């Protein structure tokens with residue numbers, strides 16, 4: 001392969017691998033917010049997922065079991081937030097933050113004995129037929145392909161199916177949905193749970209595939225970035241994918257170009273670029289009247305509006 | 001129910017009473033350790049905590065407590081808590097960034113003893129210490145120079161500070177002793193001492209640029225794991241990382257902070273060190289004092305997997321003549337561990353990569369010159385923030 005081809009496949013490959021946790025947790029947050037629930041606990045859910053996946057894989061020797069458990073654990077943990085914000089109608093910012101801290105704390109304390117442990121079997125890498133012919137797609141963890149496919153599927157579901165209409169309507173006008181006989185509480189619970197599952201899976205990818213090992217703080221702010229990307233993506237899974245890969249490519253390039261460009265400048269790029277892009281896109285959005293779901297962060301109480 | 005409550009209370013009181021009694025009879029010194037990272041980082045803070053456990057177990061008169069993951073700006077508050085609530089007599093702060101906070105606390109508590117790692121500010125009640133790796137990195141460089149096929153060695157560094165520059169220079173000098181064509185490609189993280197994602201992408205980008213042997217300074221085994229995924233040799237940092245990739249960790253740098261702690265606390269206990277005479281107490285311990293060790297794991301200076309290759313690589317060394325790299329490593333190790341410091345990696349003539357003569361023929365750098373080193377040795381490529389022109 002030519003030097004340029006080699007270079008491109010290297011960059012694309014690293015971008016795909018690095019962006020997975022960011023993409024998965026962004027997709028989850030998009031669904032939660034589309035239903036009207038702001039979940040600031042993504043970072044903690046990821047940490048819980050990463051830890052539980054690692055612990056299960058460590059004892060059972062089966063990383064796939066770890067993946068399944070991480071989704072269940074983080075999904076169930078996110079129900080705490082759903083209970084507080086949907087059923088108890090508390091402030092979503094506070095309960096989300098609390099969930100985040102709780103997740104970080106619990107995984108940190110329980111995970112103490114797993115720090116520095118070596119995993120016997122980690123998630124395998126695959127070559128997919130046809131796809132592996134593309135530069136950068138040669139061989140990857142299954143999460144890489146799955147997250148890419150999931151972004152498209154979730155976009156389709158959200159904008160082209162009845163379920164998607166229901167979710168979006170609940171986030172816009174829960175009272176009208178309620179009047180039409182849609183179970184607002186159930187939809188919101190389900191979306192928050194789904195977001196939690198994806199956050200947990202992105203943690204599992206970190207501790208079983210990307211690293212692979214467990215240590216406290218290994219999520220390194222990705223959960224927070226996911227919340228920012230959700231806004232950047234205008235609550236659209238496809239834009240979420242673009243944002244996650246954009247961040248990933250800039251992150252990787254910041255190391256590739258270090259010999260030529262000042263590392264301090266390069267380090268800021270992955271964060272600076274979304275900021276600039278965000279301000280452009282938001283001007284565009286203002287013209288087209290695209291904004292956050294109207295009822296985002298507002299608890300719904302029957303008969304109060 | 002009431003009687004039950006009273007009973008429980010009584011049991012508690014009795015327990016506390018006994019614990020208190022036990023304390024007054026045993027511990028004579030209480031020490032508080034403050035770590036910048038989590039003790040599970042498998043790097044810097046982990047190594048300090050392992051050493052804390054050893055001194056705690058060794059000295060029956062010593063009791064220790066620790067606080068982990070303390071942000072560098074918050075150290076003073078943590079010191080206040082350790083002294084006022086835990087009642088510690090000695091505070092050990094284990095990060096360069098704790099320096100000013102420790103000094104200011106030392107001035108506020110003149111009758112307590114402070115022991116700060118890797119800094120340069122001292123006080124009558126504040127001593128400093130460091131176990132430095134530059135000799136070990138030199139030996140790692142010798143091994144790396146023999147193992148590379150592409151003549152490109154990769155190095156992931158957390159921050160461009162003199163300590164790392166010294167270590168990368170030593171690594172490059174060692175590599176070029178056996179392989180004059182060896183280059184060291186450097187990538188900086190500049191985010192945190194613990195940044196697994198950054199270390200992973202930095203290591204991947206080094207490999208993409210042709211590096212086939214990796215070394216690093218960051219507090220996780222990430223670089224070792226990435227190198228192993230690509231089937232490349234690497235060097236562990238701070239703690240034994242052999243187990244993360246038994247076929248690929250060629251060697252590494254290991255620390256024995258306990259060597260310093262055992263000496264220091266014994267002298268505090270014996271009354272040799274008091275809050276009045278620490279102004280000039282500065283431990284700068286190396287191979288000779290047993291504070292650092294060459295190895296993939298304790299007691300394994302070179303991974304047996306690489307022994308054959310290193311034995312069959314014969315070089316013509318300027319000092320020792322025709323020798324295998326394997327033997328050269330142990331000859332140099334012996335020379336550096338010698339009580340007389342028979343050899344120092346930073347012995348002239350050494351030029352930096354801009355051509356300036358940094359160490360004149362036959363001259364050996366002093367400790368002060370080592371700890372303020374900013375220049376980059378020949379053979380290093382990549383950004384070098386703070387590089388002096390002359």
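So what is the calculated 222 nm ellipticity per residue for the protein assembly as shown, using -39500 (n - 2.57) for each DSSP H run with n of 4 or more, over all residues, to the nearest 500 deg cm²/dmol? Working shown, then result.
Numbers: 23 runs with 353 residues, N = 695.
Calculated from helices alone, the mean residue ellipticity at 222 nm is -16500 deg cm²/dmol.
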message = I'd like the distance separating the alpha-carbon centroids of the stretch A:99-147 and the stretch A:201-234, in whole Å.
response = 10
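Order the peptides B:42-49, B:352-359 from the highest to the lowest mean number of other Cβ atoms within 10 Å of their residues.
Numbers: B:42-49: 25.2, B:352-359: 14.8.
So the order, starting with the most tightly packed, is B:42-49, B:352-359.
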Degrees, to the nearest 10: B:162-178 long Cα axis against longest axis of chain B = 40
note = Simple SL model, points at 7 angstrom along Cα→Cβ for residue A:120 and residue A:91; separation in nm is 4.9
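For a protection proxy built on the mean count of beta-carbon atoms within 10 angstrom, sort B:236-245, A:61-70, B:196-205 highest first, please. Mind showing how you got there, number by number?
Details: B:236-245: 23.3, A:61-70: 19.8, B:196-205: 26.2.
Per-residue mean Cβ counts within 10 Å order the peptides as B:196-205, B:236-245, A:61-70.
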query = For the pair residue B:107 and residue B:28, how long in nm is the line joining their label points, each one 7 Å along Cα→Cβ?
reply = 3.3
query = If eta is 1.306 mPa s and T is 10 °C, what Stokes-Einstein diffusion coefficient results for the stretch A:1-116, Kirkwood Rh from Cα pairs, in µm²/s?
reply = 101
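Between residue B:230 and residue B:61, how high is the FRET efficiency from 1/(1 + (r/R0)^6) when r is the Cβ-Cβ distance and R₀ = 41 Å? Nearest 0.05.
On the way: r = 50 Å, r/R0 = 1.22.
Efficiency, rounded to the nearest 0.05: 0.25.
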ask   = If you find the alpha carbon centre of the stretch B:338-380 and of the stretch B:93-112, how far apart are they in angstrom?
value = 32
task = Can you put B:212, B:338 in order of Cβ neighbours within 10 angstrom, beginning with the fewest?
result = B:338, B:212
query = So how far apart, in nm, are the two label points at residue B:357 and residue A:8 if each is 7 Å from Cα heading toward Cβ?
reply = 5.1
ask   = Distances over 41 Å make up what percent of all Cα-Cα pairs in chain B?
value = 19
inquiry  = If I histogram all Cα-Cα distances within the stretch A:9-288 using bins 10 Å wide from 0, what percent of pairs lands in each bin?
reply    = 7, 28, 35, 23, 7, 1, 0
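Report the calculated FRET efficiency for residue A:76 and residue B:340 (r = Cβ-Cβ distance, R0 = 60 Å), to the nearest 0.05.
Working: r = 65 Å, r/R0 = 1.08.
The calculated FRET efficiency here is 0.40.
So, R0 is 60 Å and r is the distance between the beta-carbons of residue A:285 and residue A:113; what FRET efficiency does that work out to, to 0.05?
Values: r = 48 Å, r/R0 = 0.80.
Plugging the Cβ-Cβ distance into 1/(1 + (r/R0)^6) gives 0.80.
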remark   = On each of the three principal axes the extent of the alpha-carbon atoms of the protein assembly as shown, given in whole Å and largest first, is 89, 83, 47
C-alpha center-to-center spacing [the stretch B:207-284, the stretch B:137-201] in angstrom = 14
remark   = Tilt, helix A:3-34 to longest principal axis of chain A (alpha-carbon atoms), in degrees rounded to tens, equals 20
query = Against the longest principal axis of chain A, how steep is helix A:237-256, in degrees 0 to 90 to the nearest 10, with axes from Cα atoms?
reply = 30
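Within a 10 angstrom radius of each residue's Cβ in B:193-203, how many Cβ atoms of other chains show up on average? Whole number is fine. Walk me through the numbers on the way to the answer.
On the way: counts 0, 5, 3, 8, 11, 5, 2, 6, 11, 5, 1.
Counting other chains' Cβ atoms within 10 Å and averaging over B:193-203 gives 5.
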task = May I ask for the percentage of alpha-carbon pairs in the stretch B:224-328 that lie more than 22 Å from each other?
result = 51
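Is there a simple number for the mean count of other chain Cβ atoms within 10 Å of the Cβ of residues in A:112-118, and what is it?
On the way: counts 3, 1, 1, 7, 12, 4, 7.
Per residue, the average neighbour count from other chains is 5.
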remark   = Final fewest-first order of A:177, A:191, A:84, A:76 on the 10 Å Cβ neighbour count is A:76, A:84, A:177, A:191
Most mobile listed residue (B:100, B:111, B:368) in chain B, GNM with C-alpha springs under 10 Å = B:368
query = Of all DSSP beta bridges located in the protein assembly as shown, what percent are antiparallel, nearest 5?
reply = 25
task = Please average, across the residues of A:246-253, the number of beta carbons from any other chain that are within 10 Å of each residue's own beta carbon, and give a whole number.
result = 1
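Please rank B:297, B:132, A:113, fewest neighbouring Cβ atoms within 10 Å first, as an exposure proxy.
On the way: B:297 19, B:132 23, A:113 10.
Fewest-to-most ranking of B:297, B:132, A:113: A:113, B:297, B:132.
We did not get these values from a lab; they are worked out from the coordinates using the rules stated. This is a predicted model, so every value here is computed, not measured. Because the Cβ atoms are built from the backbone with ideal geometry, glycine has one as well, and the counts that use them run over all protein chains shown.
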